[in-house]
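Student: Structure below; questions to follow.
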Amino acid sequence: MIRSHFAGLLAAGIVAATFAALGQADDPQRGRDIIMQQKLGHAQKVLEGLAIKDFALIEKHADELGVLSKRAEWLVLKTPEYTRHSDDFRRQCETMSRMAKEKNLDGCALAYVQMTMTCVNCHKYVREVRIAQATR
Ligand code: HEC
């Protein structure tokens, strides 16, 4: 009796977990939150690489950032301006990666600063669009 109760609970648990996993995959906002957080993590790793002059670390995380920027979830606003910020960002990641390959620390640092400005500029743009949408 206790055993069958347990089996029932277990089955219910599996069903619930499956639904939770499906819900996750289906929720675009959740997928987006995850990659936005990953973006911050990789950017922090690049900074760490710059600080300790670890070119392999810089290259790895600059490349990861470039890959993230090509994911479908990245494209939150379908406007030419958003695309322009994304293109700037991708180009800066590529430059950072190339500079790391060439073991050019100043080049990496400059590309990092430019990339950081693009983080700020794109967020500024997204905020303006959302405020405009909210007050329409
Ligand atoms: C091309 C535009 C763009 C660029 C460039 C960009 N972001 Fe974002 N970021 C977004 C958008 C859009 C959101 C909000 C997503 C949403 O909530 O719908 C966001 C959200 C975030 C968030 C918040 C996630 C949360 O949990 O609310 C963090 C942190 C973040 N970005 C970090 C960064 C960092 C660090 C960089 C630069 C290395 C960067 N972003 C560059 C578009 C951009």
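The values are calculated or read from the model by the stated rules, or taken from the named source; none is laboratory data. Quick caveat, the model's predicted, so the values are computed rather than measured. Glycine also receives a Cβ, built like all others from the backbone with ideal geometry; neighbour counts cover every protein chain displayed.
Student: Kindly list, by first and then second residue, each pair from a residue in the range 95-119 that is without any contact (Cβ under 8 Å) to a residue 12 or more places away in the chain to a residue that is outside any helix (DSSP H, G or I), limited to pairs with Cβ atoms under 9 Å and residues at least 6 apart or on different chains.
Tutor: 98/104
Student: Using the structure shown, decide if residue 59 is more than 23 Å from residue 128 (Cα to Cα), over 12 Å from the mean Cα position of the chain (by Cα) and of a type in the set (Asp, Glu).
Tutor: yes
Student: Residues in the range 64-107 that are within 26 Å of residue 125 (Cβ to Cβ) and not in a loop (DSSP other than H, G, I, E, B): how many? Steps first, please.
Tutor: If we filter the range 64-107 for residues that are within 26 Å of residue 125 (Cβ to Cβ), which is where we start, we get 64-97.
Of the ones still in play, those that are also not in a loop (DSSP other than H, G, I, E, B) are 64-68, 72-74, 80-97.
Total satisfying the criteria: 26.
Student: Further question on the same structure: For the range 16-36, indicate whether the set of residues that are under 18 Å from residue 118 (Cα atoms), within 16 Å of the ligand (Cβ to nearest atom) and either modelled with pLDDT under 65 or of a type in the set (A, V, I, L, M) (or both) is non-empty. Let's see the steps before the verdict.
Tutor: As a first pass, look at the range 16-36 and keep what is under 18 Å from residue 118 (Cα atoms): 35-36.
Then drop every residue that is not within 16 Å of the ligand (Cβ to nearest atom), which leaves 35-36.
Subsequent filtering for residues that are either modelled with pLDDT under 65 or of a type in the set (A, V, I, L, M) (or both) retains 35-36.
Yes, that holds for at least one residue.
Student: Can you say whether residue 61 is buried (at least 16 other Cβ atoms within 10 Å of the Cβ), more than 9 Å from the ligand (Cβ to nearest atom) and in a helix (DSSP H, G or I), as far as the supplied structure shows? Quick ask: steps written out before the conclusion?
Tutor: Numbers: buried (at least 16 other Cβ atoms within 10 Å of the Cβ): yes; more than 9 Å from the ligand (Cβ to nearest atom): yes; in a helix (DSSP H, G or I): yes.
It is true that residue 61 is buried (at least 16 other Cβ atoms within 10 Å of the Cβ), more than 9 Å from the ligand (Cβ to nearest atom) and in a helix (DSSP H, G or I).
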